[in-house]
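Worksheet for the structure shown next.
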Amino acid sequence: MKNMRYIVLAAALAVGPAFAQVPAAAGGADFVLAAAQPSSPARVAAMRGLHQFAARFAGDAGQLPKGFPLDVRDVGQLRHARLGWGFQVYDVSRAALMSGADMEADAQPTGIWRYEVVLHGRPVGLLTMARTDAGWSMVSLGGARLVGDIQDVVGAYGNQAATRFRYVRVPQATADFIQVKHGAAAAQYAPLQAARGALRMQAQAASGSGLLEGSELRSRLRQVLARNASN
């Protein structure tokens with residue numbers, strides 16, 4: 001096996017974006033399901049990055065290095081990997097939460113996009129793209145647990161009419177969520193794994209029983225921020 005440096009999705013929740021914020025790209029929608037994906041510059045670059053990553057392992061079929069960032073049995077499977085849904089990352093700041101702001105209104109786009117990596121219909125990781133002076137570039141690959149968590153939410157609500165998703169994180173609380181919005185109704189939030197840990201919640205079934213109202217979530221997150229500040 002070649003001595004490769006693998007691109008791993010690190011603790012991105014704990015820090016702010018490392019790239020300049022830009023307006024929503026990749027079709028303009030916050031969360032684009034696979035069936036509706038446009039050929040946006042970000043997605044085209046993501047597909048190219050995935051193919052280039054797979055090509056690096058073309059001669060290593062049947063092997064899997066320790067700590068490999070995608071949930072595959074061997075690197076030879078990468079040639080069959082495809083992209084699924086994609087979403088822009090939105091951040092809510094500590095200051096906004098502590099001021100009593102509305103999470104939906106105060107979530108700010110970071111300009112970072114993440115795409116589901118799919119192998120034979122199964123999510124195996126996330127590919128993260130950011131726009132730099134040279135254009136869209138792949139900056140990380142990993143998130144095997146996170147992608148399954150998000151897919152549970154998408155699977156539960158993706159076929160419902162007038163439902164929109166948004167990926168929202170609160171970096172200072174090390175917590176991330178999928179915002180679920182039905183038509184003109186108030187947004188609700190599905191806590192993902194890191195958020196469930198921060199909020200000290202048990203994992204919820206994908207039936208929708210784990211959705212939190214915005215006001216309840218703000219209250220819980222303020223408690224987390226206060227607890228973190230006192231430690």
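The values are calculated or read from the model by the stated rules, or taken from the named source; none is laboratory data. Note that this is a predicted model, so its numbers are computed, not measured. Cβ atoms come from the backbone with ideal geometry, glycine included; neighbour counts cover every protein chain shown.
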If you go through segment 147-186, how many residues are under 26 Å from Arg222 (Cβ atoms) and either of a type in the set (S, T, N, Q) or buried (at least 21 other Cβ atoms within 10 Å of the Cβ) (or both)? 18
Flag if Gly76 is touching a residue at least 40 places away in the same chain (Cβ under 8 Å) and small (Gly, Ala, Ser): no
Would you point out which residue out of Leu146, Leu127 is under 23 Å from Ala195 (Cα atoms), in contact with a helix residue (DSSP H, G or I) (Cβ under 8 Å, 6 or more places away or on another chain) and not in a helix (DSSP H, G or I)? Leu127
Of the candidates Ala161, Ala186, the one satisfying the condition of being among the aliphatic types (A, V, I, L, M), more than 29 Å from Leu78 (Cβ to Cβ), in contact (Cβ under 8 Å) with a residue 24 or more places away in the chain and part of a loop (DSSP other than H, G, I, E, B) is Ala186
Considering Val153, Val168, Val224, Val180, which residue is without any contact (Cβ under 8 Å) to a residue 60 or more places away in the chain, β-branched (Val, Ile, Thr) and out of contact with any helix residue (DSSP H, G or I) (no Cβ under 6 Å at 6 or more places or on another chain)? Val153
When you scan segment 47-80, how many residues do you find that are under 24 Å from the mean Cα position of the chain (by Cα) and polar (S, T, N, Q)? 2
Residues in segment 104-117 that are surrounded by fewer than 22 Cβ atoms within 10 Å (Cβ to Cβ) and not in a strand (DSSP E or B) total 3
Residues of segment 41-78 being touching a strand residue (DSSP E or B) at 6+ places or on another chain (Cβ under 7 Å) and aromatic (Phe, Trp, Tyr), in sequence order, are Phe53
The condition of being in contact with a Leu (Cβ under 8 Å, 6 or more places away or on another chain) and modelled with pLDDT under 95 holds, among Ala187, Ala144, only for Ala144
Could you please tell me which pairs satisfy a Cβ distance under 6 Å, a separation of 6+ or placement on different chains, a first residue in segment 52-71 that is closer than 23 Å to Val139 by Cβ, and a second residue that is surrounded by 12 or more Cβ atoms within 10 Å (Cβ to Cβ) and basic (Lys, Arg)? Ala54/Arg79
Taking the condition under 26 Å from Met129 (Cα atoms) and assigned to a helix (DSSP H, G or I), does Gln151 pass? yes
Within the set of pairs 6 or more residues apart or between chains, which connect a residue that is in a helix (DSSP H, G or I) and surrounded by fewer than 18 Cβ atoms within 10 Å (Cβ to Cβ) inside segment 196-219 to a residue that is among the hydrophobic types (A, V, I, L, M, F, W, C) and modelled with pLDDT under 90 with Cβ atoms less than 6 Å apart? Gly214/Met103
Selection from segment 94-112 of residues in contact with a Leu (Cβ under 9 Å, 6 or more places away or on another chain) and without any contact (Cβ under 8 Å) to a residue 24 or more places away in the chain yields Asp106
